[in-house]
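Notes follow the structure.
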Amino acid sequence: MSQNRPKTPATLPRELFMEKIPEVLSGIRVPDLPYPAGTAGDAAVCDWRPLLFSCWTEQRDERVMQLVRSVSLNWSVRQINAAYVADRIMDTFVHTSGLHPGLARRVARLRFFFAWRMSEEGASTFSEDVLAWLDGLQEFRGWSASGGRSARALLDQLDSLVISVSACFETGALEPLEAFCRDWQADSEKRAQQVSRLRQRLLETEMGAARQRRAEQTARALVGRTLKGRHLPRPIITFIFDHWMLLLKQVVWAGEVDGENWRHGKKLLEWLVWIGDPALSDKDRNRLYHVGEQIGDRILDVWHRVFGKPLPAKAIEGIQSVMMARLRREIPDLIAALPDETGFSWDASWLSFNGPDSKKVEGLEGQWFVEGEGAGEQRRYFFALLPDTAEILWTNGSGVKLGLQPWPLFEAERRQGDLRPLPALTPFGLVLTEAVSALSGVLERQRILREKAVREARSRAAAIMKEKEAAETKRRAEEVKRLAEIDRVRREEHEKRLADERAERKRLEQEKLTEGQRLVDSIKLGGWITFDEKDANGDPVRMKLAVRINASNKLVFVDRLGLNRREYQGNDLVEAIVSGSVRVLGSSAEFDETLSRVVGRIRVGRNS
């Protein structure tokens, strides 16, 4: 029956947050987010504080990423990631916190503030005071938009949150929000003490009222069942309703439903009906006399035992008068014991009342249940099961009664799904821990993939470099080989050309010698030759063949006067003719033509 206050969950150490959150904000890359194409300078990045401040003051429910996508401005990678992380944390909080959707959405609007602070300060956004306040919101897991005083009080406090966060936007500091959180926590402790007193007082009051209802309803059920369809004298009816019902209620209230007083009270009620209804008592007159003698004393005795004081004598005067009339065989005036106009209601099931099995009730007290869906859902706190009436006492969790519900109706609504347990609550600290841990894991996987990609890129670059170097080495080798081959071919061609030239020169020389020999052989006695020398007159020196000595192959030439003579061996004269120092007159034109052809072929061979 006690409501345990939520404990702040175990969260990652702040040092670990300080390490992970900045890494996530700067390093993670989420597909399809509008990251900048390059590295933007500080001057090019848009200041988004005025935009986020406007969304906060308007208390908009849209996501920060939706806002970022809706405007064409330059955002940094850190701003984009801060918007994504803030949206992810608050979206998860809305769906898993277990708070009323309306309350969770109000808190989730802090996404604008968190996005701005994370982009500026990183993990210091989530100070100890802020986390303690967000985790402490579980205290209001039973809050519903009922419009009641307690519901309006919480909304008023959240209006104060708007003012505090707005001050943070204006000053650029976290202190206004932290002060709000500390004040909230102080008020929460005061409320906890007050709620404890209210719950105890409510439980005592409702258990007493339930006991009273049980007594009232059980007495009504017994009287209604006994008097149903009967017509009795008015004095007996009056006594039953004015006195005997009080006795029956007192017996039930005292918890003696199965005791001796209850059995006596029920039996005496049946005797009163039997005596007053002639249709019953006239059948056995002897028993009527016997009951008539004892009933008065029995009524007084039972009354005294139950109340501890005697029944006033006037209370049974009517019964005694009816009894005397009946003993005189008189039939008194009879009226309906339960006339319709009296509006007397009763339920016979109270006579066989049994509370629910303790095993079914076990674990339900202190639990929250939800009725309805979405913003219209209503939450109830199973504060206690009143044992005297098997009714569930529903509260708002703060000691304020919401109503009573019979156990059978509670089970029926649960079977139909109209009433369901409140899902397990997820504190904000756990949401933050899981979100940061998940994103940190993604970042680590991305880092591994990036490092792998870098290694692969370096490997590919090294392989490409090796391939290029190998190709360059091969190209150079092939170039060297090609140049060597060209050089070899050139050398071979040059050597061949030189050989050809030598052969050609040799051949030409041989031809010259042959031609010179022919000319020498053709010189007859008296044939003239001329030398490349000049005489005194500047004319070429001429001589004629004077003697040919075949045995020694000697030729003797003299000038016109036969004075000067020159002797030549045949071979020497051939060489002189070939060299051009001597010309044979008469055959010189033919020899010159032949010699020009030979010299021309030599020149052509050299130029090629």
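The values are calculated or read from the model by the stated rules, or taken from the named source; none is laboratory data. What you see is a predicted model; the values in this text were computed from it and never measured. Here the Cβ is made from the backbone with ideal geometry for all residues, glycine too, and neighbour counts use every protein chain on show. Remember, those area values only see protein heavy atoms, side chains included, never the ligands or the DNA or RNA. Shrake-Rupley method; radii C 1.70, N 1.55, O 1.52, S 1.80 Å.
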Rolling a 1.4 angstrom probe over the protein chains, ignoring ligands and nucleic acids, what is the accessible area of His95 in square angstrom, nearest 10? 150 Å²
Please determine, in degrees from 0 to 90 and to the nearest 10, the orientation of helix 570-579 with respect to the longest principal axis defined by the Cα atoms of the chain, where the helix direction is its Cα long axis. 50 degrees
Taking 0.36 nm per residue of sequence separation and subtracting the Cα-Cα distance, how much length would be gained by fully extending the chain between Asp532 and Asp91, in nm to one decimal? 146.6 nm
So if R0 is 56 Å, what FRET efficiency would Asp572 and Arg482 give, r being the distance between their Cβ atoms, rounded to the nearest 0.05? 0.60
Between their Cα atoms, which of Lys249/Lys309; Lys228/Lys360; Lys266/Lys314; Lys249/Lys283; Lys512/Lys554 are more than 26 Å away from each other? Lys228/Lys360; Lys249/Lys283
In whole percent, the fraction of accessible protein surface over segment 229-337 that belongs to carbon or sulfur atoms, probe radius 1.4 Å, stands at 52 percent
Just tell me which aspartates and glutamates come within less than 17 Å, Cα to Cα, of Lys544; anything on the same chain fewer than 8 places away is out. Asp521, Asp532, Glu533, Asp535, Asp559, Glu567, Asp572
Taking only the alpha-carbon positions of segment 229-337 and ignoring solvent, what does the Debye formula give for the base-10 log of I(q)/I(0) at q = 0.17, 0.20 Å⁻¹? -0.78, -1.04
Loop by DSSP (not H, G, I, E, B), at most 12 other beta-carbon atoms within 10 Å: where is the longest site-free stretch of the chain for trypsin sites (Lys or Arg not before Pro)? 8-227
So in the chain, what percent of DSSP beta bridges are antiparallel if you round to the nearest 5? 100 percent
Summing Lys, Arg as +1 and Asp, Glu as -1, what charge do residues with Cβ under 11 Å from the Cβ of Thr395 carry, Thr395 excluded? +3
Over segment 523-585, with every protein chain in place, what whole percent of the accessible area is carbon and sulfur at 1.4 Å, could you tell me? 46 percent
By accessible area of protein heavy atoms, probe 1.4 Å, what ranking do Leu498, Leu422 get, highest first? Leu498, Leu422
With a probe of 1.4 Å, find how much accessible area segment 460-520 has per residue, and write the answer as a whole number in Å². 81 Å²
Give the carbon-plus-sulfur fraction of the accessible surface of segment 14-199 in %, rounded to a whole number; probe 1.4 Å, heavy atoms of protein chains only. 50 percent
Calculate the spin-label point distance for Lys466 paired with Met324, positioning each point 7 Å from the Cα along the beta-carbon direction, and give it in nanometres. 13.2 nm
Translational diffusion coefficient of segment 358-421 at 20 °C, 1.002 mPa s, Stokes-Einstein with Kirkwood Rh over Cα pairs, in µm²/s as a whole number. 179 µm²/s
Test of the criteria: in segment 347-407, which GluC sites (Glu not before Pro) are in a DSSP loop and have at most 11 other Cβ atoms within 10 angstrom of their Cβ? Glu362, Glu373
Considering only protein heavy atoms, what per residue accessible area in square angstrom results for segment 125-189 with a 1.4 angstrom probe? 41 Å²
Radius 14 Å from Cβ of Val442, net charge of other residues (Lys, Arg +1; Asp, Glu -1): +3
Can you compute the modelled spin-label distance between Ala336 and Ala348, with each label point 7 Å from Cα toward Cβ, in nm? 1.9 nm
Per-residue accessible area, 1.4 Å probe, largest first, puts Phe140, Phe239 in the order Phe140, Phe239
Angle between the Cα long axis of helix 285-307 and the longest principal axis of the chain, 0 to 90 degrees, nearest 10? 60 degrees
Using a simple spin-label model with points 7 Å from Cα along the Cα→Cβ vector, what separation in nm is obtained for Arg414 and Ser579? 14.3 nm
Would you tally the net charge around Glu206, using a Cβ to Cβ cut-off of less than 9 Å, leaving Glu206 out, and scoring K and R as +1, D and E as -1? -1
Report the Cα-based extents of segment 284-350 along its three principal axes, largest first, to the nearest Å. 35, 34, 24
How far is helix 77-96 tilted off the main Cα axis of the chain, in degrees rounded to 10, range 0 to 90? 30 degrees
Over segment 358-421, with neighbouring protein chains present, the accessible area per residue in Å² at probe 1.4 Å is 47 Å²
Need the list of lysines near Lys468 for cross-linking: C-alpha distance under 28 angstrom, and skip anything on the same chain fewer than eight residues off. Lys452, Lys481
Global geometry of the chain, whether rounded, prolate or oblate, following the gyration tensor of its Cα atoms and the 1.5 cut on a/c: prolate
